[in-house]
Amino acid sequence: MRAAAYRRTGPAAEVLELIELPDPEPGPGEVLVAVRASGVNPADTKRRAGWRGAAMAHPLIVPHSDGAGEIIAAGPGVDAGRVGSRVWLWKAQGGYDGPGRAFGTAAARIALPAELARPLPAALGFDAGACLGVPFMTAWRAVMGDGPVAGQTILVQGGGGAVGNLAVQVAVSGGARVIATAGSPETAAIARAAGAAAVVDRKGDVVAAVMELTSGAGVERVVEVDFAANHAADARMLKADGTLASYSSTSNPTPPLAYYDLGHKGLTVRFVQGGRLPGGMQEAAEAWLARHAATLRLPIGARFPLAGIAVAHARVEEGAAGQTVVLP
């Protein structure tokens, strides 16, 4: 089968290559999936780049954790009735607390644990399914990880990004009023289409704008895309005893903490890892997805053939609007 892979970390154009690999076979508890679309997330580009000095966990890595396709074979112990079903894939390469798996979704086929292949609602195409895993589960936990949001006002920093767009939709469906920030007209349009009641230019005075929009009251929760850059400002916009749920801190992975800005208000800071969902949360997320699939907005910014994977990675690293998909 054809696959994209890298043998060392570094710039996408220098390390990614197209190769031929033997077709995988599903082992016990696994399914074999014909991959129709592979989603590219910032986490995938960071792994490939060797972000923060990360070393190669395997001699050869096929990238990407998210994808979608059809189950074409079931390994021992897996219900053969799943063969032929449409699925979305997540955690294909595992988490970040170990070496993970060597073979992700940037290939024609993938064998992976059956529980990582989830039913794809009929209303969603394969390209949309490839954009669910990391963004959707991260957004779900960031919004719903501290209970119902009905009647609350939530600030979603980066509301036009992959996670932010879904966070807006989850929050609005739960009865929250959402204010989003965005850095460009394109991402602002995505946030508005997702249901944000207001969109604030993140290059302006975000604190002043949010406080004006809330008549000086502030917000109950913040969903944060860059903890280092924004947490001190978030503390100023949050009501006492509010929650800051952050899923990334790319601008500075080891930020100084504005302790008293957070502490004087008794704020809760939740660090979100989308691949870690405590008991019942994944089931709740998937139930929500089944209910809202027909109206879910998953803007695809660009689709690339497998041969264009290096350009796809570059697009994600540039922060272009809309999600990026590779079609093996």
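Computed from the coordinates by the stated procedures, all read-outs in this text should not be read as laboratory data. Just so it is clear, the model here is predicted, and its values are computed rather than measured. With ideal geometry, Cβ positions are generated from the backbone for all residues, glycine too; neighbour counts draw on all protein chains shown.
Quick look at the values:
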item: Hz values of 3J(HN,Hα) by residue in region 99-105 - Karplus curve (6.51, -1.76, 1.60), Gly and Pro given as x; result: x, x, 9, 7, 10, x, 8
item: Cα gyration tensor category, rounded, prolate or oblate, for region 135-271 with a/c compared to 1.5; result: rounded
item: Burial ranking of peptide ranges 10-17, 131-138 (average Cβ count within 10 Å, highest at the top); result: 131-138, 10-17
item: Options [x] 34, 21, 18; [y] 39, 22, 18; [z] 33, 28, 17 - which one matches semi-axes √(5λ) of the Cα gyration tensor in Å as calculated here; result: [x]
item: Neighbour-count order for Ile71, Ile300, Ile110, fewest beta carbons within 10 angstrom listed first; result: Ile300, Ile71, Ile110
item: Antiparallel bridge percentage (DSSP; both residues within the chain; nearest 5); result: 55 percent
item: Table column - 3J(HN,Hα) (Hz), region 184-196, Karplus curve with 6.51, -1.76, 1.60, x for Gly and Pro; result: 7, x, 5, 6, 5, 5, 5, 5, 5, 5, 6, x, 4
item: Residue order, fewest to most beta carbons within 10 Å, for Trp51, Trp90, Trp288; result: Trp51, Trp288, Trp90
item: Sequence-distant lysines (8 or more away, or on other chains) whose Cα lies within less than 30 Å of Lys46; result: Lys91, Lys203
item: Those lysines that a straight Cα-Cα span of less than 16 Å connects to Lys265, excepting residues fewer than 8 apart in one chain; result: Lys239
item: Amide H within-cut-off set for Ser249, under 5 Å, with H built and near neighbours excluded; result: Phe227
item: The chain: relative contact order in percent, alpha carbon pairs under 8 Å with at least 6 residues between; result: 18 percent
item: Fluctuation leader among Gln282, Gln169, Gln93 - the chain, Gaussian network, Cα springs under 10 angstrom; result: Gln282
item: Exposure proxy ranking, count of Cβ atoms within 10 Å, fewest first, for Glu318, Glu220; result: Glu318, Glu220
item: Under-5 Å amide H pairs with Arg270, H placed in peptide plane, nonlocal only; result: Leu244, Ala245, Ser246
